[in-house]
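See structure below.
Values in this text are rule-based calculations from the coordinates and carry no lab data. As the structure is a prediction and not an experimental result, all values here were calculated from the model. Backbone-built Cβ (ideal geometry, glycine too); neighbour counts: all protein chains shown.
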């Protein structure tokens, strides 16, 4: 017969393991109850959470985040209605998308992290810009915080395994697009090369509002 004290020790170890698991994404628990953990470079995005996706008819549908990851690479692109920088860089985003479309295994996901944006406003701007990327709504900024995106027009690039390979500025200039950091990052990821600079500071783009303060105002 097993000693009761031995069982108590086993149960204690199991409980400690469960507590240690609460700090990570995708450990089998409910992601909505866990504080997002900001990914470090090279870490894999693992989550069972879903976000609403804006569809062409203006409706939304919950999509598991793991289902939007591309076969070769994924670009998460910070987006908001009020940020004029989104309008400025749209031609550059469309040009890159034409060079590396989803058909070659690169998924382009706009991530609206602005809690004040409405569905109507988002859809109107998408139609005006002719945006061809998929758009997920993240008003509580849970995925944004995991990826380390706190403003519009910042990007995060994942590789085929879902590992964070680049985070930061799209390029160095809102008007001229000097630098082309995103293009260089994608080329390196697709060629399975190490990036010379994996993280760059924010250069332009409007910060997202604090979702807690927006909830309080409402």
Residue 215 to residue 41: FRET efficiency via 1/(1 + (r/R0)^6), r the Cβ-Cβ distance, R0 30 Å, to the nearest 0.05?
0.45
Run the simple label-point estimate for residue 187 and residue 92 please: 7 Å along Cα→C-beta, distance reported in nm.
1.5 nm
Residues residue 63 and residue 197, FRET efficiency given R0 of 30 Å [Cβ-Cβ distance, rounded to 0.05]
0.45
Prolate/oblate/rounded call for segment 130-218, Cα gyration tensor, a/c under 1.5 rounded:
prolate
Ascending count of other beta-carbon atoms within 10 Å, so fewest first, for 202, 123
202, 123
Between residue 174 and residue 48, how high is the FRET efficiency from 1/(1 + (r/R0)^6) when r is the Cβ-Cβ distance and R₀ = 30 Å? Nearest 0.05.
0.25
Restricting to Cα pairs under 8 Å and 6 or more apart, the percent relative contact order of segment 45-138 works out to 36 percent
Please state the shape class of segment 36-217: rounded when a/c is under 1.5, otherwise prolate if a/b exceeds b/c and oblate if not, all from the C-alpha gyration tensor.
rounded
Using the number of other C-beta atoms within 10 angstrom as an exposure proxy, rank 97, 41, 126 with the fewest first.
41, 97, 126
